[in-house]
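Working notes, beginning with the structure itself.
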């Protein structure tokens, strides 16, 4: 199905070019807002970094004991708590969330390490040339920097099993495209702002593709459908470099 | 067993969806009008969350391969072998009869439930079709002409010979779910996180009416109208979203995410529709107009209760009618089991 809806997730993940917003975020307190009557979004103050995400993981862990919670959806240094029923006193929910955030101590999830073989360059690397233009790096350097990195799965979202990977070297940060590719293939290894990831579905995608990984990352019939989980470490292995 | 004789694109099997997997990127899916789905199921004696067919493109025709108790709710003009059925109706039909659904000017989507429910494999806790994920329903795809669907084992259902109907919620609950004099749908919502960054445009978001554009589907509705924009560009970190969130992309025309919404989003969000009004949004037709009305948690709780009471009322009535008919039929009730009889 070709959806007329854009992919706002992709857009948001481009944290480049927004220093003003990030700077102001450093000064503010934790923010809690609502989406409808039943969902509450907590946004961590400060940088978009691993310490903030570790505290979000701690918060998610603590909230598991709440009884009126239907779902906990950790995002990028934020967390959406969806209640089972509309609360009588939303301010009390906000106060309780704020309190849980204050108490949440950073946790370091001892995740597994996932090694993903990548065919860098080639027919799927449709944005590698643009990355080189932007960064001033040669294609060989850009690819080397990417596969030498060690990445952390911050959160899953957007598509089934898609992991947002943190830890991309700033030299190969690259803003999301203003005009998304309409039919980027599942398996494309992509860069979106300061993040990287592997496309889970074939479809419109605003991230920049530099290679391809042939790996089944999601199986809806498996006991654990998604291979990646928050806190996992991901390494990309250059199986083939075609430049 | 039933056979799909004729169908437009994008008609799917849906139940109440698969919540609980947003944290691995899996959208909940489920009926766009969960209230109509529940009522259709209760009318045929099912659990309210059994799987049914959601029809949003017409004409749609199916043939019953055996005697079957079915119900049609939501928006459609339904006929059995050419005979018009009343709206929101259940009855028993015989093998070979054809149920035809034509569009309704009043509502966008119809639900066809069968005693026993549509029996397709449960994937991650639900039978709902996820078109984007390509799983659930029939092989993760929309229904096609020639498909045959198995039904589950029905709970014994006794129906009046001519069938049984309910007053649709849009009429029964009209005082709680208002429509403006010019037919503009009034949709209750709460301001969301970035609302105040829109300044004066934030107020205009509520005061002006919006048209549901043709770029609207189960994923979400794009609204047309005078654009609203934040006073300064806003960049967000990806955050979890739920159906009903109203986001504003750079163009300034809002998007309301619906049942097949992405699990995460990044556009600034101006409002969030109350769950209690999502069923009405799910029935809003392309080209129709709506206005957002600023609401409160207190009002949301009232509306939740009103809907729950309506559902309970239908459940009790359906059971009561069934019991009364069993009693009238005497010690050997003419129970129609829907299947193999």
Can you give the angle from 0 to 90° between the axis of helix B:34-43 and the longest principal axis of chain B, with both taken from C-alpha atoms, to the nearest 10? 10
Nearest 10, in degrees from 0 to 90: the angle of helix A:50-63 to the longest Cα principal axis of chain A is 40
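Can you tell me which of B:32-45, A:127-140 comes out highest on packing, and rank the rest after it, using the mean Cβ neighbours within 10 Å? Write out the running numbers ahead of the final one.
Details: B:32-45: 27.1, A:127-140: 15.5.
Averaged packing, sorted descending, gives the order B:32-45, A:127-140.
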Pairwise centroid distance, computed over Cα atoms, of the stretch B:171-186 with the stretch B:104-138, Å: 28
With Cα atoms, 0 to 90° folded angle of helix B:297-329 axis to chain B main axis: 10
Shielding of B:64-76 by partners, i.e. mean partner chain Cβ atoms within 10 Å per residue? 0
FRET efficiency for residue B:328 and residue A:183, Cβ-Cβ distance as r, R0 = 56 Å, nearest 0.05? 0.35
Pop a pseudo-label 7 angstrom from the Cα along the beta-carbon direction at both residue B:186 and residue B:200 and give the gap in nm to one decimal. 2.7
Given A:200-209, A:103-112, the highest-first ranking by average Cβ count within 10 Å works out to A:200-209, A:103-112
Label-point separation (nm) for residue A:144 and residue B:102, each offset 7 Å from Cα along Cα-to-Cβ? 7.2
Between residue A:133 and residue A:202, with labels modelled 7 Å along Cα→Cβ, what's the label distance in nm to one decimal, could you check? 2.7
Proxy exposure order for B:195, A:61 (fewest C-beta within 10 Å first) is A:61, B:195
Cα centroid separation - the stretch A:175-205 against the stretch B:4-75, whole Å: 33
Quantify how strongly other chains surround peptide B:229-237 by giving the mean number of their Cβ atoms within 10 Å of each of its Cβ atoms. 6
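Is there a simple number for the mean count of other chain Cβ atoms within 10 Å of the Cβ of residues in B:241-248, and what is it?
On the way: counts 9, 10, 3, 5, 5, 2, 3, 1.
Mean inter-chain Cβ contacts per residue within 10 Å come to 5.
Quick check on chain A: helices-only [θ] at 222 nm, where DSSP H runs of length 4 and up contribute -39,500 (n - 2.57) each and the sum goes over total residues. Nearest 500, please.
-7000 deg cm²/dmol
Treat the count of other C-beta atoms within 10 Å as a stand-in for reagent exposure and order B:231, A:178, A:86 from fewest to most.
Working: B:231 12, A:178 8, A:86 22.
By the 10 Å Cβ count, ascending, the order reads A:178, B:231, A:86.
Please sort A:156-163, A:66-73 by packing, taking for each peptide the average over its residues of neighbouring beta carbons within 10 angstrom, highest first. Write out the running numbers ahead of the final one.
Working: A:156-163: 27.4, A:66-73: 15.9.
My ranking of the peptides, most packed first, is A:156-163, A:66-73.
For the stretch B:139-236, what does the alpha-carbon gyration tensor say about shape, rounded, prolate or oblate, given a ≥ b ≥ c as the root eigenvalues, a/c under 1.5 as rounded, and a/b over b/c as prolate? Write out the running numbers ahead of the final one.
Details: a/c = 3.02, a/b = 1.80, b/c = 1.68.
Verdict is prolate for the stretch B:139-236.
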Connecting every pair of Cα atoms under 10 Å apart in chain B and solving the GNM, the largest mean-square fluctuation among B:118, B:228, B:256 falls on B:228
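No lab work stands behind these numbers, since they all come straight from the coordinates. Since we're looking at a predicted model, the values are computed, not measured. Every residue, glycine among them, receives a Cβ derived from its backbone with ideal geometry; neighbour counts consider all protein chains shown.
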